[in-house]
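The values are calculated or read from the model by the stated rules, or taken from the named source; none is laboratory data. This one's a predicted model, so the numbers in the text were calculated from it and none came from an experiment. The accessibility values were calculated without ligands, DNA or RNA, using every heavy atom of the protein model including side chains. Shrake-Rupley method; radii C 1.70, N 1.55, O 1.52, S 1.80 Å.
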Amino acid sequence: MPAIGSISLDRSSVPDSLVATEWFSSGGTEPARIWRYDFSSEPGYLATDSSSHVNASAAYETNAVGL
C-alpha cells in the first residue's frame with residue numbers, strides 16, 4: 001500500500017494532471033514511487049476509463065529522497 005507523502009497540480013502537462021509522490025525513509029531500501037493522473041475535460045474530476053476507474057497515466061520509481 002502506498003504511503004502518499006504529497007500531491008501536486010501539474011499545469012504544464014496536457015491535460016493538466018495530479019502528481020502524487022510516496023513518502024519513504026531515507027534509510028529505506030525501497031525506491032520512492034511517483035504517479036501521474038490526468039484530469040478529465042470536466043473541471044475538478046480525474047479522467048476515468050470505460051469502467052469509471054481512475055488509473056495512473058504514468059508511474060515512476062526513484063531513489064531520490066525528500067520528494
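If you go through the range 44-64 and keep only what is open to solvent by 60 Å² or more (accessible area, probe 1.4 Å), assigned to a loop (DSSP other than H, G, I, E, B), within 19 Å of Met1 (Cα to Cα) and not polar (S, T, N, Q), you end up with His53, Val54. Every listed requirement among (1) open to solvent by 40 Å² or more (accessible area, probe 1.4 Å); (2) part of a loop (DSSP other than H, G, I, E, B) is met by Ser6 save one, (2).
Can you work out which of the residues in the range 9-43 that are modelled with pLDDT of 85 or more and open to solvent by 70 Å² or more (accessible area, probe 1.4 Å) is nearest to Thr62 (Cα to Cα)? Here the answer is Arg33.
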